[in-house]
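Working notes, beginning with the structure itself.
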Amino acid sequence: MDAPERFDQLIAFLESQLPAPVDRQEAADGSMQFTAGDPAQVVVVLTDQSVVVSEFAGVWESPFTLAPRPRRVGVLKWRRLPETSLFNALTALIKGAREARQSRFHTCRYCGNRTAPEWMHDDGVCQSCADQHSGAVH
Ligand SMILES: [Zn+2]
């Protein structure tokens, strides 16, 4: 199979296997970044040589700007792997990144929702409960 066909296959695979919704951004150099999940769980960067899988993480640069700081979990040189091995490895990396991300979620002690760490107000209380109970939460 030639490389352009495999590249298209990888895009189709990522769009079907990543947690929805999948946001796809194309860079000027032809590479593509996929940010998947709401809140975001997995970030994948696909170039003409490699596919990089990261666990999503973010830091607040200002009260209104969440800057992505993905944590890389694996890099595959996709041209060097046979098809079955490539997709098995990619499936495992995506699963690992999702599990790592979800393990960082906290359960809010007010609403009981599993909440991403960047949306927690402080230990044990999510941001929306903190807003509702403002003044009551210490
Ligand atoms: Zn809450």
Identify, by number, the condition in (1) exposed (fewer than 15 other Cβ atoms within 10 Å of the Cβ); (2) out of contact with any Ser or Thr (no Cβ under 9 Å at 6 or more places or on another chain); (3) in a strand (DSSP E or B); (4) not polar (S, T, N, Q) that F34 doesn't meet.
(1)
Considering residues of the stretch 88-138 that are more than 21 Å from Q41 (Cβ to Cβ) and of a type in the set (S, T, Y) only, the residue nearest to the chain's Cα centre (by Cα)
Y110
Where a residue in the stretch 7-27 is more than 13 Å from V45 (Cβ to Cβ) and its partner, wherever it lies, is in a helix (DSSP H, G or I) and among the charged types (D, E, K, R), with Cβ under 7 Å and at least six apart
P19/R98; V22/E15
Search result, residues across the stretch 49-85 that are without any contact (Cβ under 8 Å) to a residue 12 or more places away in the chain and of a type outside the set (V, I, T)
E61, S62, P63, F64, A67, R80, L81, P82, S85
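Can you name every residue in the stretch 37-53 that is surrounded by 16 or more Cβ atoms within 10 Å (Cβ to Cβ) and either closer than 21 Å to F105 by Cβ or out of contact with any Ser or Thr (no Cβ under 8 Å at 6 or more places or on another chain) (or both)? Please lay out each step first, then the result.
Taking the stretch 37-53 first, the residues surrounded by 16 or more Cβ atoms within 10 Å (Cβ to Cβ) are 37, 40-46, 51-53.
G37, A40, Q41, V42, V43, V44, V51, V52, V53, listed by residue number.
Consider F34 carefully, then state whether it is at pLDDT 95 or above, in the same structural domain as A12 (by TED's automatic domain parsing) and either aromatic (F, W, Y) or in contact with a Pro (Cβ under 8 Å, 6 or more places away or on another chain) (or both).
Values: at pLDDT 95 or above: yes; in the same structural domain as A12 (by TED's automatic domain parsing): yes; either aromatic (F, W, Y) or in contact with a Pro (Cβ under 8 Å, 6 or more places away or on another chain) (or both): yes.
Answer is yes for this residue.
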Restricting to the stretch 37-67, give me the number of residues that are in a strand (DSSP E or B) and over 22 Å from E5 (Cα atoms).
12
Residue, modelled with the highest pLDDT, within the stretch 121-133, restricted to residues that are in contact with a helix residue (DSSP H, G or I) (Cβ under 8 Å, 6 or more places away or on another chain), assigned to a strand (DSSP E or B) and near the ligand (Cβ under 9 Å from one of its atoms)
C126
Given (1) touching a strand residue (DSSP E or B) at 6+ places or on another chain (Cβ under 7 Å); (2) loosely packed, with under 14 Cβ neighbours inside 10 Å; (3) in the same structural domain as S134 (by TED's automatic domain parsing), K77 misses just (3)
The number of residues in the stretch 76-118 that are of a type in the set (V, I, T) and either within 16 Å of the ligand (Cβ to nearest atom) or out of contact with any helix residue (DSSP H, G or I) (no Cβ under 9 Å at 6 or more places or on another chain) (or both) is 3
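The values are calculated or read from the model by the stated rules, or taken from the named source; none is laboratory data. The structure displayed is predicted, hence computed values, not measured ones. FYI the Cβ positions are ideal-geometry reconstructions off the backbone, even for glycines, and counts take in every protein chain you see.
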